[in-house]
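One structure is given below, encoded as structure tokens.
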Amino acid sequence: GEYAVYRNANNIYQTNNDFSAQAGKIQYDCQTELFYLSNEYLDHPVTGVSWVGANIYANYFGWRIPTFAEWRLAARGDSSSWLYPWGNEIDETYANYNNTITTEIGKYNGVYNEQHNEEYNLSLSSFGLYDMGGNVWEHIDSTSASEASIKTGGAFDSDITQIEIGYIAYSVLGQTSNNTGFRC
């Protein structure tokens, strides 16, 4: 039936290890050969996936996780002076930080203006990406690391400086956390 992605996907990094004990919220159904999330987290970012697991997942589909330079470009675009993915302004409507739990993807990106009957996307990146600052840390490609991986973007429990573009944090390669995820 259901097995963790670590047991079923090709582990290109450590072919002799079984990472099934590291299972996060991503699950794999051997019968349908599909990945899925539990219903309560369908609108939330994926967490509980190690750097190894993020790479296994991406590799399964022929993708990869971005390098720091690629992630920074996606967050900032050509605006090299921006502190945050949306510019230099920030308040509680821009990102999920100084909080205790993840939120639905994009929740902090829209502010509804009743007077004009429209929603403003305040904190999308210059390429229109959601949650590049806050909500969950994102693993990035750091293949030169031996035991530690790099993550960026900050999370729901980060302070305001940790969601600035360019802030880097570290994780143990096999470590999982409820505040760390990835994007391909």
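Summed over the stretch 136-169, the residues that are at pLDDT 90 or above and not in a helix (DSSP H, G or I) give a count of 22.
Quick one: would you say Thr100 is among the polar types (S, T, N, Q) and either at pLDDT below 85 or in a helix (DSSP H, G or I) (or both)? So Thr100 does not fit the description; no.
Examine the stretch 54-72 for a residue that is at pLDDT below 90, open to solvent by 60 Å² or more (accessible area, probe 1.4 Å) and among the acidic types (Asp, Glu), and state whether such a residue exists. No: zero hits. Applying the selection to the stretch 69-85, what residues are without any contact (Cβ under 8 Å) to a residue 24 or more places away in the chain and of a type in the set (Ser, Thr, Tyr)? Correct list: Ser80, Ser81. Checked against the criterion of being surrounded by 12 or more Cβ atoms within 10 Å (Cβ to Cβ), at pLDDT 70 or above and of a type in the set (Asp, Glu), the candidates Asp43, Asp29 yield just one match: Asp43.
Under the condition of being under 21 Å from Trp63 (Cβ atoms) and either open to solvent by 20 Å² or more (accessible area, probe 1.4 Å) or of a type outside the set (Ser, Thr, Tyr) (or both), the residues counted in the stretch 130-184 number 23. For the stretch 73-85, filtering for residues that are touching a helix residue (DSSP H, G or I) at 6+ places or on another chain (Cβ under 7 Å) and open to solvent by 20 Å² or more (accessible area, probe 1.4 Å) leaves 1. The lone criterion from (1) modelled with pLDDT of 85 or more; (2) of a type outside the set (D, E, K, R); (3) in contact with a Lys or Arg (Cβ under 7 Å, 6 or more places away or on another chain); (4) under 17 Å from Gly181 (Cβ atoms) left unmet by Trp82 is number (4).
The values are calculated or read from the model by the stated rules, or taken from the named source; none is laboratory data. Just so you know, these numbers come straight off a predicted model, no measurement behind them. Note that we place each Cβ from the backbone using ideal geometry, even for glycine, and neighbour counts take in every protein chain shown. Just the protein is used for accessible areas: all its heavy atoms, side chains included, with ligands, DNA and RNA removed. Shrake-Rupley method; radii C 1.70, N 1.55, O 1.52, S 1.80 Å.
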